[in-house]
Each structure stands twice: as structure tokens, then as C-alpha cells.
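Comments concern the structure below.
The values are calculated or read from the model by the stated rules, or taken from the named source; none is laboratory data. Because the structure is a prediction, the values reported are computed rather than measured. Every residue, glycine as well, gets a Cβ built from its backbone with ideal geometry; the counts of neighbours run over all protein chains shown.
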Amino acid sequence: MLFIKNTTIVTQNNERQVIKNGAVLIVGEKIADIGLSVKLEKKYTKIKKKIINGRGWVLIPGLINAHTHAAMSLLRGFADDLPLKDWLEQKIWPAEAKFKPRDIYRGTKLACQEMLRSGTTTFFDMYWQPESIIKAVRETGIRGFVGPLIIDLGTVAVGPKQIEALYSRLKQKLSGKVKLTIAPHATYTVSEDTLRWCQSFAKKEGLLLHIHLSETEGEVKNCLKKHGCRPIEYLAKIGFLGNNVVAAHCCWLSDKEIKILAKYGVSVAHCPTSNLKLVSGIAPLGKLLKAGVNVCLGTDSAASNNSLDIFSEMKIAALIHKWDEKNPAAADAQTILDLATINGVKALKIDRQVGSIDTGKQADIVIVNFNQPHLQPCHSEVSNLVYAARGGDVSAVIINGQVLF
Ligand SMILES: [Zn+2]
């Protein structure tokens, strides 16, 4: 039993309550109680518990990285400052072709450690060799949604047969914190038949789907040429879209496509840093939110970011949308913190279990040390979290009630 007292709690509950001089009681994997420190101290005087004084700390729900390729941490700084096509074809793909399962395990483990240390408690991955990824995820204790890649157009061929075999081999072995999903790479690398199969298999097995979508203008132009419609119209037409789909990027959208995403309940994983670095585009955040689309945040891989720090992603997201909409009131701090927490868990369909510091939820809590010059004074915790904090300010991470570092 763990009791953290005299602390500030940014709950991210329905009222977006911030509790000053608060306390949290964690029993086993769950948050047993939350409230004012003086009240809870009196209420639980007789219970034997480990007491921690949280003065100077701000407790927040664990952050969610809704789109990454963890193993690509090995390619951090390997190829920068290149056009997307050269970057992929001349540098990234040839390097990845040499990856062995052991490299993928090591790269994923490095990424998991980086994410944990910067306050991410759950991530949504898309990559090869799920067995190596699952091993690394298990060893670090983070929550991982593992999406085995599907590509069946071009040279690499991983299609329905391989995924079905993989799924039946792995599904019995997976525990609560590690989940298997399906990750068709993109509309231009996966055939129409396979995309249709992905959704029917996902529905049958209750799985999430993870896809890159409308990342670049060229992708939209090619889709128009090949299919006579834009990527999201195409996916709607072939029956791929649904509320189990998390679409990464979505930079190039027509108003009609935004309506389609809202209609099907598709979640968008917005990856601002990667999109800026590769000059892919900027997702229309304001329009998406206004249409009722659930938008969350992702880092994409360390090869195109080059970090996996969601704090940095929050700040960049806020800044680019203010400029993009020519409105300093756009992408306000609370909206951006929601993208990184509650919207992320909604996308992954775990909002009943985590995403806020609430009684009865699983204890996924990040402790941010505000007792530092760059986080003082504190007129607003939410403002400091989005505009001033960084991953290195995280002092401790708790997942399922277990202190991981
Ligand atoms: Zn990606």
C-alpha cells in the first residue's frame, strides 16, 4: 500500500480537477482513494502503508505515445536533414534490412526505457518481429500495444497468412499490459484485399488497427491517380474504417475526409515533430477536434523525431497550431494535455482502466518534480506541464501500482 501526501494532483478527470495539498492511496494495482491530504491522512491513520511526502511534486496520469516504431531508436541520428524519399530509400530501409531479431529487441528496450523515464506509460508500436518487441516490453514493465507490420505490395510480403499464424501463436501468451494489434503500413504498401481482411480479422478478434494515413501530399496525389479518390475516401469505400482504427499523421485532409473520420470514430495519432522534420505537413488539429475526431499524440520513431519525449511533443503541437491557425488561443494547454493523456487512452480503448487519476482506476501515475527553477513559479500546473516541463523532469513512474523507476 502506497500513500503519497502533501502533493499536487492534475487528475485529468471529467472536471479536469487539480487538487493542491492532495493525497493518493494506491492499493495493489489500483488507486483506492484520492482527495485532500489532511482528510485522507485522518481517514487512513490505522492502515499500515508506505508514506511518501510529495511536496514539490505534481502527479499526472501516465502519458500515451500513440504512434511509434520503438526499435528504430537504433537509427537515432543515423540519417538527418534529408528529403523523405532519400531518407527512406537510401538510408532507413537499407539499414533496417540488416536488423536481426536481437537488434529489434535491443532497440525496443532502449525506447521503452526512454519512454518510461520521460513519463510515457503506454505506447502503440508498429514494427516487425513482434516476439522481440514483446520480450522487451515485458522486461521494462511499460504498457505496450504491439502492432506487427503488414506490407504486401513491393518487395516485403507479410500478409494475412503470416499474421493469422502469428496471432494464434502469441495470443494465449499475452498478459494484461501487452496487447497485440494489426498494423497495415499504409494504403500504398498494402493491397485492397489485405486491407479488407485486416478490418474483418480485427473485428472478429476485437483488435485495434494502426495505419499511416495521408502523411504527405504525394501520397494523396498517388491515391487520386490510382483509386480515383483520396486515401480516407478509399478506406471508407473498402470498409476499412471503424472506431478501432488509429491513423497516424493525417496531415493532408479535405473537409469531407475530416467528416468521414468523425463519422467512423477513427482516432488520429498526431506526430508534429516528425511531420515538421520530414516536412510532411501539419495535421489540421483545430478542424479535427471541432468535427469531434479523437486526436492523440505520437512521437513517430527516433529516426525522424529524434526523441520519444511526449512533453516535447506537447509543446511543439501547441506552438505549430497557434501559428497554423494564426490564433494564440488555439491549441490551449488543457487541450494539449488531453491529447497526451485522456484522448490517447480513448484511442486505445483503455479509458475505463487508465488515463486519469481517479478512484478505482489502475494506478498509472507520473511524478513530475516541480521543485526546479524552470518550473517555478507555478501559476498553472497545466501550463507549466505543456510549455515548460520536459521528460527529464520526471522523478518516478508508477504503472499498475508498481514503481518502475
Ligand atoms: Zn510511423
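The condition (being under 19 Å from the mean Cα position of the chain (by Cα), aliphatic (A, V, I, L, M) and buried (at least 19 other Cβ atoms within 10 Å of the Cβ)) is satisfied by just one residue among Leu195, Leu235, Leu207: Leu207. Per the conditions (1) part of a helix (DSSP H, G or I); (2) buried (at least 23 other Cβ atoms within 10 Å of the Cβ), the sole criterion not satisfied by His212 is (1). Take the conditions (1) under 16 Å from Val268 (Cα atoms); (2) in contact with an Asp or Glu (Cβ under 9 Å, 6 or more places away or on another chain); (3) of a type outside the set (D, E, K, R); Thr341 misses just one of them, which is (2).
Scan region 390-403 residue by residue and report those that are of a type outside the set (D, E, K, R) and more than 18 Å from the chain's Cα centre (by Cα).
Residues satisfying the conditions are Gly392, Ser395, Ala396, Gly401, Gln402, Val403.
Pairs meeting the criteria (first residue in region 55-70 and more than 16 Å from the ligand (Cβ to nearest atom), second residue of a type in the set (Phe, Trp, Tyr), beta carbons under 7 Å, at least 6 apart or on different chains) are Gly56/Phe370; Trp57/Phe370; Val58/Phe370. Restricting region 30-55 to residues that are surrounded by 18 or more Cβ atoms within 10 Å (Cβ to Cβ) and small (Gly, Ala, Ser), which is farthest from Ile310 (Cα to Cα)? Ranking the candidates gives Ser37 first.
Among the residues of region 277-297, which ones are at positive phi and either assigned to a helix (DSSP H, G or I) or more than 16 Å from the ligand (Cβ to nearest atom) (or both)? Answer for region 277-297, where residues must be at positive phi and either assigned to a helix (DSSP H, G or I) or more than 16 Å from the ligand (Cβ to nearest atom) (or both): just Gly292. With respect to the conditions (1) surrounded by fewer than 16 Cβ atoms within 10 Å (Cβ to Cβ); (2) within 14 Å of the ligand (Cβ to nearest atom); (3) hydroxyl-bearing (Ser, Thr, Tyr), Ser274 lacks only one, and its number is (1). Here the condition is being within 18 Å of Thr122 (Cβ to Cβ), among the charged types (D, E, K, R) and within 14 Å of the ligand (Cβ to nearest atom); of Glu219, Glu313, it holds for Glu313 alone.
So Gln162 clears everything in (1) modelled with pLDDT of 95 or more; (2) farther than 22 Å from Cys223 by Cβ; (3) not aliphatic (A, V, I, L, M) except one condition, right? Which one? Looking at each condition in turn, Gln162 falls short on (1). Considering Gln353, Gln372, the condition of being more than 19 Å from the chain's Cα centre (by Cα) and among the polar types (S, T, N, Q) is satisfied by Gln372 alone.
Filtering region 187-231 to residues that are on the phi > 0 side of the Ramachandran plot and either aliphatic (A, V, I, L, M) or in contact with a Phe, Trp or Tyr (Cβ under 9 Å, 6 or more places away or on another chain) (or both) leaves Ser214, Gly228. Taking strands (runs of 3 or more DSSP E) as the structural unit, those lying wholly within region 1-93 and holding at least 1 residues that are in contact with an Asp or Glu (Cβ under 8 Å, 6 or more places away or on another chain) correspond to 2-10, 18-27, 30-36, 57-61, 63-68.
Looking at Asp324, Asp338, Asp300, just one residue is buried (at least 17 other Cβ atoms within 10 Å of the Cβ), on the phi < 0 side of the Ramachandran plot and among the charged types (D, E, K, R), and that residue is Asp338.
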